[in-house]
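The values are calculated or read from the model by the stated rules, or taken from the named source; none is laboratory data. Since the model is a prediction, treat every value here as computed from it, not as a measurement. Positions of Cβ are backbone-derived with ideal geometry, glycine not excepted, and every protein chain shown enters the neighbour counts. What goes into the accessible areas is simple: the full protein's heavy atoms, side chains included, and nothing from ligands, DNA or RNA. Shrake-Rupley method; radii C 1.70, N 1.55, O 1.52, S 1.80 Å.
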Amino acid sequence: MSEIRDIEWVMRRKNRRHGLEPIKAALHEISDPQDTLRTVHIAGTNGKGSTVNYLRALLEAAGYTTGTFTSPHLVHHCDRIRINGKWIPEETFLNYLREDMPLIEKYDLGMFEIDTLISLQWFRDMKADIILMETGLGGRLDNTNVFRHPELNIITTIAYDHTDILGERIQQIAFEKAGIIMPGSRCVCGRLNQHAMNVIRRAASRRHARLSTVRPYRSLAGNRFAYRDQTYEIQGAQYQKNNAALALEAAYLLGVDIKSEASVNAIKNACWAGRYETVREHPHVILDGAHNEEGMRALCETLKHAERPVTAVFSALADKPERKMAKMLLRSADHLILTHFANARADAEALRMDGAVTIDSWKDAVDEALQTEEGTVVITGSLYFISLVREYLLKDDRNEAESR
């Protein structure tokens, strides 16, 4: 009996790491849809998804039909591929999958390549005005690095992550991220350290690309900040001001009037699920995908402003500096619960440390944290973990509402 080729089948397809030629060849056989699209290509260690979301909101407010490609998914595999915030319908995804199966088998494409192939076809067929394409890993050899003439490249941040693939030095990681800069293109960078910025500058110079950096913003009281002589307000964490400012600079370079009322409202109303997202009010429950050291540092800085006491639940993949991240959270929270989830490649016992409680079952850990009657509960770590918790909490809320 032949295997059913559905979304679960796609998700089981391991990424091949066989270079860019297979995905480029497959795209060429369907007339290179990527060459028909006005594209913004985004790379970086952290902040890619949030920057995409702010920029999407700004572009939509300016009247553009905007496609986005992000990863990993938070609710459903199809939420990686969106137009104006709406997922590709599952049946549409499956129709493309059936049509593309000869190419998928011919070039032995993995999950991320399949998603890239389908997203570019859908964006072309739906006549999206502009698309925002987030890299999955690195940049130079990322499966999304198929655009010869991007409208704009964005590099958000550069920090230590995936060092087994990208290298153990910041300069090596920056070199990989800089791989998205195409000859004669434009690139805007977030706030990078000097070592990383030097690598980006050299890459841009060699490729005769125009390089700019985000301007300093002025942080105001609460969630307000000033950028290019205009005041904006964001939802969520203080660190999102960095991502919002970068999105504003990118929109400015794309010709959007970022000082318009529509743009100001777009920034204010933009919310990216799983990034300092409030999912309950009593107690105040926040989900944040601080999945690496830089992300955890930003979260801990934001927790200084959270209502006390802060109860944190943490779980991460074993290929992350999990103990270091947990210790950072231990210093910032009043109570810390360590746990693990399926496929995390590590267990909670490996994280055990003085001052923290270890609970093997992640559901039990979350339920224990929710027993607090005051303060803030923050559930953080791997985005895969956050996805599981988000589904668990929102399903529980729906069941409670239906029982009333």
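Among THR144, THR39, THR92, the largest mean-square fluctuation in a Gaussian network model of the chain, built with springs joining Cα atoms closer than 10 Å, belongs to THR92. In order along region 93-106, the phi-based Karplus estimate (6.51 cos²θ - 1.76 cosθ + 1.60, θ = phi - 60°) of 3J(HN,Hα) comes to 4, 5, 4, 4, 4, 5, 5, 8, 4, x, 6, 4, 6, 4 Hz; Gly and Pro are listed as x. Along the axis of the charge dipole computed for the chain (Cβ charges of +1 for Lys and Arg, -1 for Asp and Glu, origin at the Cα centre), the listed residues ALA57, ILE88, ILE7 are led at the positive end by ALA57. Solvent exposure of the chain, expressed per residue, is 45 Å² of accessible area, with all protein chains present and a 1.4 angstrom probe.
With mean projected area of the Cα convex hull in nm² defined as stated, name the option among [x] 19.9; [y] 21.0; [z] 18.2 computed from the structure displayed. Among [x] 19.9; [y] 21.0; [z] 18.2, the one derived from this structure is [y]. In this simple spin-label model, placing a label point 7 Å from the Cα along the Cα-to-Cβ direction at both MET11 and GLU374 gives a separation of 4.1 nm. The phi torsions of region 359-365, fed into the Karplus equation with coefficients 6.51, -1.76 and 1.60 and a -60° offset, translate into couplings of 10, 5, 7, 5, 5, 5, 5 Hz, rounded to whole numbers, with Gly and Pro shown as x. Checking the cross-link pairs LYS24/LYS268; LYS48/LYS327; LYS24/LYS320; LYS24/LYS127 against a 28 Å limit on the alpha carbon distance flags LYS24/LYS268; LYS24/LYS320 as lying beyond it. Considering only C-alpha atoms, what is the centroid distance from region 46-97 to region 271-350, in Å? Centre-to-centre distance over Cα atoms comes out at 25 Å. In loop segments of region 270-360 as defined by DSSP, the trypsin sites (Lys or Arg not before Pro) with at most 16 further C-beta atoms inside 10 Å of their C-beta are LYS304, ARG345, ARG352.
Let me check something: with ligands and nucleic acids excluded, how do ARG98, ARG56, ARG16 order by accessible area (1.4 Å probe), largest to smallest? Before the final figure, lay out each step's value.
Details: ARG98 130, ARG56 45, ARG16 75 Å².
In descending accessible area the options line up as ARG98, ARG16, ARG56.
If I model region 55-191 as equal point scatterers sitting on the Cα atoms and use the Debye formula, what is log10 I(q)/I(0) at q = 0.14, 0.15, 0.22 Å⁻¹? Once normalised to I(0) and log-transformed, intensities are -0.72, -0.82, -1.43. In whole percent, and with a 1.4 Å probe on the protein chains, what portion of the accessible area of the chain is carbon and sulfur? That share works out to 47 percent.
Taken one residue at a time, the phi angles of region 58-68 give Karplus couplings (6.51, -1.76, 1.60, θ = phi - 60°) of 5, 5, 5, 5, 8, x, 8, 7, 10, x, 9 Hz. Gly and Pro are set to x.
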